[in-house]
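All remarks here apply to the structure that follows.
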Amino acid sequence: MRHNRLLAACLAAGLALIAGCSSPTSGTAKGNGNVTLTYLTFETPSLTASFWNSSIANGEKQVPGVTIKDIVAPSTDRDAYAKQLQASGQFPDLLQSITPSTFAQAGLLKPYEQSWVNANFMLPLGNAYKGKVYIPPTNSQIIPMVFYNKTLFAKAGITGPPKTWAQFMAVCAKLKAAGIVPIELGGSDSFAASMPLTGILSADILGKDPNWLQQRYAGKVHFTDPDVETAVAKYRTMVVDGYFEPGALGVSYANSITNFTSGKTGMYMMGSWFLGAVPKATASNFGSFMTPTDDGSLVVPFAVGGSMAISANTPDPAKATAFAEAWSLNPANYKALIEGDGAFPMLKGKTLADYNVNVSQVFKDSYAYVLAQNTKVSAIGWATNDDSMPSGLNDDFYAAAQALYNSGDVAGQMAKLDADWNSATH
């Protein structure tokens, strides 16, 4: 999943070029029916070099005449690195799990045939951008979920997960009174610091108006609107009332996972990819619920992810597409993504059993939110479809969450977001 947001200097250079032209691809045709294609990947503790090597080899077997040369992004911010490569004339032929809108609007990506997408995926238009699919909608995430420690809840006399915001605050108060840190926050990583704010705004703002982000593009709503500032004030209340650990802005994302899974904190607001980090030995001790709303209505902050985008300038579009389609339908790739990265699979006509995976009950319970009929909205700051923010705004949104940890100037931070949005879209 997308985590650290780095390479700011490269980003600025890439944006300048990406708006004005499309670069040559870095793949090469051999002239004998063979082609070498470049493929931008990334590595995590779950998606290792071994995983990528194996998945690439399997795809090559299914598409004769294709050789894949992988390029490993130096961080998990593929968008920024892809922009750097584009700026230097090395835009890859295939790009894994990027944000399509960032590149499609510059004509750099080739869309998939809609008939193939319709035939294979549960939500064919789940991550479509302006009506076209640039990355197959292979998986989804809920961002964030609220994970909780059942033992610590029982210790504090809490009988179950809260349904309303008032109940949620009461749970936090009970945990704190019992000497338990209510909520874990990996605040030194901006994306992790933003999770509570993402949950609150997705629930309170998009839950009432799922088209709010489109309305923001149209200039009809703003971050400075009273309902938005009221929602953001909830996050400030959590900070002021001491519901995060002391010094939370100094806690890394990696340490926040360790703190929560080792029983140091009662709850953890994080993307559903955290399910891949739940210890198997103690998995039964964890549960999950959605960020509560004032009236108890259920809102699921949802993001449909995908596999690889295809360069519009690849030397062999047919073979690039064939490889991308083969990779995107390979059950072995899903097994690694489900077990290691907590991905919710979105292939049509399949159950978890079809992937031969070993997952916990909390994974199954969390995945049930995806399959159920409920109010799903785009997870603000994480969508890859038409609800994706303008380029660079995700980072600004995450940074605002960090700033609001130490500052009560909600109006000022929201005004800055509006100004950044206006600058990015004009």
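The amide H of Asp387, built 1.01 Å from its N in the peptide plane, has no neighbour under 5 Å, considering only residues 5 or more places off or on other chains. In the structure shown, the pairs Lys130/Lys376; Lys376/Lys416; Lys163/Lys234; Lys163/Lys264; Lys208/Lys335 are assessed against 26 Å; a Cα-Cα span above that value is assigned to Lys376/Lys416; Lys208/Lys335. Applying D = kT/(6 pi eta Rh) to the chain, where Rh is the Kirkwood radius over alpha-carbon pairs, T corresponds to 37 °C and eta to 0.692 mPa s, the Stokes-Einstein value obtained is 149 µm²/s. Calculated mean residue ellipticity, 222 nm, the chain: -12000 deg cm²/dmol, from DSSP H runs (n ≥ 4) at -39500 (n - 2.57) each, averaged per residue and rounded to 500.
Converting phi to 3J(HN,Hα) with the Karplus coefficients 6.51, -1.76 and 1.60 and the offset θ = phi - 60°, segment 381-392 yields x, 9, 5, 10, 9, 5, 8, 5, 6, x, 3, x Hz in sequence order, with x at every glycine or proline. Cross-link partners of Lys69 among lysines, defined as those whose alpha carbon lies under 17 angstrom from its own and excluding same-chain residues fewer than eight positions apart: Lys30, Lys61, Lys319. Bridgeable aspartates and glutamates around Lys150 (alpha carbons under 16 Å apart, same-chain partners fewer than 8 residues away excluded): Glu184, Asp365. An oblate overall shape is assigned to segment 282-426, the ratio a/c of its alpha-carbon gyration tensor axes (a ≥ b ≥ c) being 1.5 or greater and a/b not exceeding b/c.
Value of Rg to Rh for segment 313-386, rounded to two decimals, is 1.04; Kirkwood radius and Rg both from alpha-carbon coordinates.
Computed from the coordinates by the stated procedures, all read-outs in this text should not be read as laboratory data. In this text, all values refer to a predicted model and were calculated from it rather than measured experimentally.
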